[in-house]
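Report on one structure; see the data block that follows.
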Amino acid sequence: MYRIYLKQGALQALLPVTPAEIRTRTESRNKAVYILNFGEMNLAKKPALQEISFTVLLPGRVYSFVQTEGIFHEPEFYLNLFREYKAAGKPVQLIVFRRLADGSQIFCGNMEVLLEDYTVTEKGGEQGDFWVELRWKEYRGAKSIRYDMKTEGGQTTLIEQGQTRESRTPAGAYTVRKGDCLWAIAKRELGDGTRYREIAEKNGIADPSRIFPGQALKL
């Protein structure tokens, strides 16, 4: 069973019904050019920002398939949430936990996104229920990069700070940061996302999907 969370600041919301499908689209930014006496060439560019879209049901009552964490929110709660996302213009953590029918968890998704647009639909015969089609786009914040200068033989090379380390050695401990999930931590710190189960077992975490900022983990 998939569970989708939306998190911005201290407010975290679980979508009450998992969408029937999630579509992720990545466009190419490659550029074809024609060079005289050579022919056409395709210049590789970095891919465009990912677009994620899905349609979610906001039920007006607690059906048997509705997911809650002890509190049932009316559709108005989520509609106000989407309105605030658009008004604030700030990124939202889109977190997807993927659990198979046998109870095992596969990789999770955790991406900062901006809400591009959404469409709300009410259907006859489904009074109180709302269908919302949402389109998100990956968010990449601008950041400054610091460099060190290295001079050898009269040649100066700029080295990006923090990028000179070729291999990662597990630090032995890790403090959970905002937006983290165990799969991402295992991928980043141990080089293999599937090792998230090892981290969970070592730290006595019964549910790998439940970690919180500031939590200290043994690696």
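The values are calculated or read from the model by the stated rules, or taken from the named source; none is laboratory data. As the structure is a computational prediction, the values presented were derived from the model and not from experiment. Cβ atoms come from the backbone with ideal geometry, glycine included; neighbour counts cover every protein chain shown. In case anyone asks, the SASA skips ligands and DNA or RNA and just uses the protein heavy atoms, side chains included. Shrake-Rupley method; radii C 1.70, N 1.55, O 1.52, S 1.80 Å.
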Pairs, first over 22 Å from Gly179 (Cα atoms) in the range 97-110, second open to solvent by less than 80 Å² (accessible area, probe 1.4 Å) and in a loop (DSSP other than H, G, I, E, B), C-beta under 8 Å, six or more apart
Leu100/Ile106
Those residues of the range 195-206 which are in a loop (DSSP other than H, G, I, E, B) and either in contact with a helix residue (DSSP H, G or I) (Cβ under 8 Å, 6 or more places away or on another chain) or open to solvent by 80 Å² or more (accessible area, probe 1.4 Å) (or both) amount to Ile205, Ala206
